[in-house]
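Heads up: the structure comes next, in structure tokens.
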Ligand code: ADP
Ligand code: MG
């Protein structure tokens, strides 16, 4: 008996001119699993998310979400298949309120404004921003903006959620709230891939860990073991 697979990524590759940013990356994400991805800056982690979520075209490789090929689909169609992601570089629509930002995601699921508003309210609540619902997004702290990103992704109704460094640039005092949020999401039906550079966070939330270096996967498995892998220690920590 094999566990259900949420996402299969096979032989994904992307180069920018002479630079191979993502080099033949393959992995599977189990249903309900939290898969962590670590690696030094420039390892290709965010580009991998771009390739999986259709934000950038792949040179080669395939991606399936719950058995459905997402190859060649534009990002909004991939979102409708149940794949959502956050961006490392935040992209809130600054002139819009928190609720309106999240409604943008909700329109992925519905054309009804009332329904979109209800979905947005739920997702804003889920990330603990109800008290900021009517504030302009540009008035939020970094940690709150990261939670807004998560809310907008959740509002699309995903089954697979990709989180890109949601604790990066966040005041240390704001990190526990984000960890709590990740754990709460992990306790739902969602399957999650999380790129994270804070070691304590990644070890705390991941069921399995994948380490990348120069566009390639260099280790994969139990989080503690991967972080102790001599190759990972050398490449990741630069020793
Ligand atoms: P990570 O998220 O692991 O820090 P990235 O995926 O952002 O790494 O970047 C991987 C490599 O690809 C880096 O060397 C980066 O400079 C390069 N890169 C990323 N996006 C582009 C782009 N649009 N054009 C050219 N090079 C890029
Ligand atoms: Mg990145």
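What the table shows:
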| item | result |
| --- | --- |
| Helix 113-126 vs. the chain, principal-axis angle (Cα, 0 to 90°, nearest 10) | 60 |
| Gain upon complete extension [residue 180, residue 197; 0.36 nm per residue less C-alpha separation] | 4.5 nm |
| Pairwise centroid distance, computed over Cα atoms, of the range 158-199 with the range 88-132, Å | 18 |
| Those residues of the range 1-25 whose amide nitrogen sits under 20 Å from the label point placed on residue 73, 7 Å along Cα→Cβ | 4-13 |
| Distribution of pairwise C-alpha distances over the chain, 10 Å bins, in % | 8, 32, 37, 19, 3, 0 |
| Calculated FRET efficiency for the pair residue 171/residue 94, C-beta based, R₀ 22 Å, to 0.05 | 0.65 |
| Extension gain (nm, one decimal) between residue 28 and residue 59, 0.36 nm per residue minus Cα-Cα | 9.2 nm |
| Length-normalised contact order of the range 1-130 in % [C-alpha pairs under 8 Å, at least 6 apart] | 20 |
| Rounded if a/c under 1.5, otherwise prolate or oblate - the range 29-126, Cα gyration tensor axes | prolate |
| Between 0 and 90°, nearest 10: helix 142-154 axis offset from the chain longest Cα axis | 90 |
| Residue with peak Gaussian network fluctuation, the chain [Cα springs, cutoff 10 Å], from 209, 140, 154 | 140 |
| Cα pair distances exceeding 17 angstrom across the range 160-239, given as percent | 47 |
| Three-way shape call for the range 67-109 based on the alpha-carbon gyration tensor, with the a/c threshold at 1.5 | prolate |
| For the chain, share of DSSP beta bridges that run antiparallel, in % to the nearest 5 | 55 |
| Extended-chain gain in nm, criterion 0.36 nm per residue less alpha-carbon gap, residue 118 and residue 41 | 23.9 nm |
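Read-outs: derived from the displayed coordinates by stated rules, not from any lab. Given the structure is predicted, the values throughout are model-derived calculations rather than measurements. With ideal geometry, Cβ positions are generated from the backbone for all residues, glycine too; neighbour counts draw on all protein chains shown.
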